[in-house]
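Colleague: This is the structure I have questions about; it appears just below.
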Amino acid sequence: MDPKESIITNTENSVNHKTLLSAVKAADLEKVLASEGPFTVFAPSDHAFDKLSNARINALMRPENKKELHALLTYHIVAGNFSASHILKAMCRGNGKATFTTVQGEELTATMQGIDIVLTDGNGNTARITTADANQRNGVIHEIDSVILPGKI
């Protein structure tokens, strides 16, 4: 990923985020992820999306489910530029736990499991950061191994 490019440009050029890119386009979030930001994106890889059923993914991509898809994707975005070290420092201040309010409005909780930063959604689902700190012109991307789900969809 090119740190001089925007989150959306680097996502378009990524070989690991084709499903995410399709979802971002279906939810009309391209302009947001091209804007100044900064944003922290917890980006599910294609493998992470593979953990969802094809039927679920296809349903989310339908125009009539755009609001649900938008909520799902914005639950993976936090306003601000939060590097892995920033997340770790927040966990240290929070006795091993830190919460971040997503653009969608609900919180994600970050904890450690071994050497991994793990995000937990409001439903108790977890995702590990597998690749941290892909710096972008307008923020940072952390690749995660699962799709996290807001409680409201």
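The values are calculated or read from the model by the stated rules, or taken from the named source; none is laboratory data. Keep in mind that this is a model prediction, so the values were computed, not measured. Quick reminder, even Gly has a Cβ in these numbers, built from the backbone with ideal geometry, and neighbours come from all protein chains shown. Just so you know, the surface numbers come from the protein's heavy atoms only, side chains and all, with ligands and any DNA or RNA stripped out. Shrake-Rupley method; radii C 1.70, N 1.55, O 1.52, S 1.80 Å.
Yes or no, residue by residue, for (1) at pLDDT 95 or above; (2) at positive phi; (3) of a type outside the set (Phe, Trp, Tyr); (4) in a strand (DSSP E or B):
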{"residue": "Asp2", "(1), (2), (3), (4)": "no, no, yes, no"}
{"residue": "Glu5", "(1), (2), (3), (4)": "no, no, yes, no"}
{"residue": "Asn10", "(1), (2), (3), (4)": "no, no, yes, no"}
{"residue": "Leu33", "(1), (2), (3), (4)": "no, no, yes, no"}
{"residue": "Ala43", "(1), (2), (3), (4)": "yes, no, yes, yes"}
{"residue": "Asn81", "(1), (2), (3), (4)": "yes, no, yes, no"}
{"residue": "Leu88", "(1), (2), (3), (4)": "yes, no, yes, no"}
{"residue": "Thr99", "(1), (2), (3), (4)": "yes, no, yes, yes"}
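Colleague: Further question on the same structure: Check Val103 against each of (1) in a strand (DSSP E or B); (2) open to solvent by 10 Å² or more (accessible area, probe 1.4 Å); (3) in contact with a helix residue (DSSP H, G or I) (Cβ under 9 Å, 6 or more places away or on another chain) and name the one condition it does not meet.
Modeller: (1)
Colleague: Take Ile148 and tell me if it is within 12 Å of the chain's Cα centre (by Cα) and assigned to a loop (DSSP other than H, G, I, E, B).
Modeller: Against the criterion (within 12 Å of the chain's Cα centre (by Cα) and assigned to a loop (DSSP other than H, G, I, E, B)), Ile148 qualifies.
Colleague: Right, Leu60: in a strand (DSSP E or B), within 27 Å of Lys18 (Cβ to Cβ) and open to solvent by less than 20 Å² (accessible area, probe 1.4 Å) or not?
Modeller: no
Colleague: Please enumerate the residues belonging to region 64-81 that are under 21 Å from Ile8 (Cα atoms) and open to solvent by 40 Å² or more (accessible area, probe 1.4 Å).
Modeller: Lys66, Lys67, Glu68, His70, Ala79, Asn81
Colleague: Next question, about the same structure. Of Arg62, Arg56, which residue is of a type outside the set (A, V, I, L, M) and within 13 Å of Val147 (Cβ to Cβ)?
Modeller: The conditions single out Arg56.
Colleague: Across region 39-57, what is the number of residues that are touching a helix residue (DSSP H, G or I) at 6+ places or on another chain (Cβ under 9 Å) and surrounded by 14 or more Cβ atoms within 10 Å (Cβ to Cβ)?
Modeller: Number of matching residues: 11.
Colleague: Is there any pair with a first residue in region 57-68 that is at negative phi and touching a residue at least 40 places away in the same chain (Cβ under 8 Å) and a second that is assigned to a loop (DSSP other than H, G, I, E, B) and surrounded by 11 or more Cβ atoms within 10 Å (Cβ to Cβ) whose Cβ atoms are under 7 Å apart and which are 6 or more apart or on different chains, and what are they?
Modeller: That search, which allows pairs on different chains as well, returns Lys66/Ala27; Glu68/Ile153.
Colleague: How many residues are small (Gly, Ala, Ser), surrounded by fewer than 22 Cβ atoms within 10 Å (Cβ to Cβ) and in contact (Cβ under 8 Å) with a residue 60 or more places away in the chain when one looks only at region 120-153?
Modeller: Summing the residues that are small (Gly, Ala, Ser), surrounded by fewer than 22 Cβ atoms within 10 Å (Cβ to Cβ) and in contact (Cβ under 8 Å) with a residue 60 or more places away in the chain in region 120-153 gives 2.
Colleague: Among the numbered criteria (1) free of Cβ contacts under 8 Å to residues at least 24 places away in the same chain; (2) closer than 24 Å to Val140 by Cα; (3) among the polar types (S, T, N, Q), which one does Ser53 miss?
Modeller: That leaves (2) as the condition not met.
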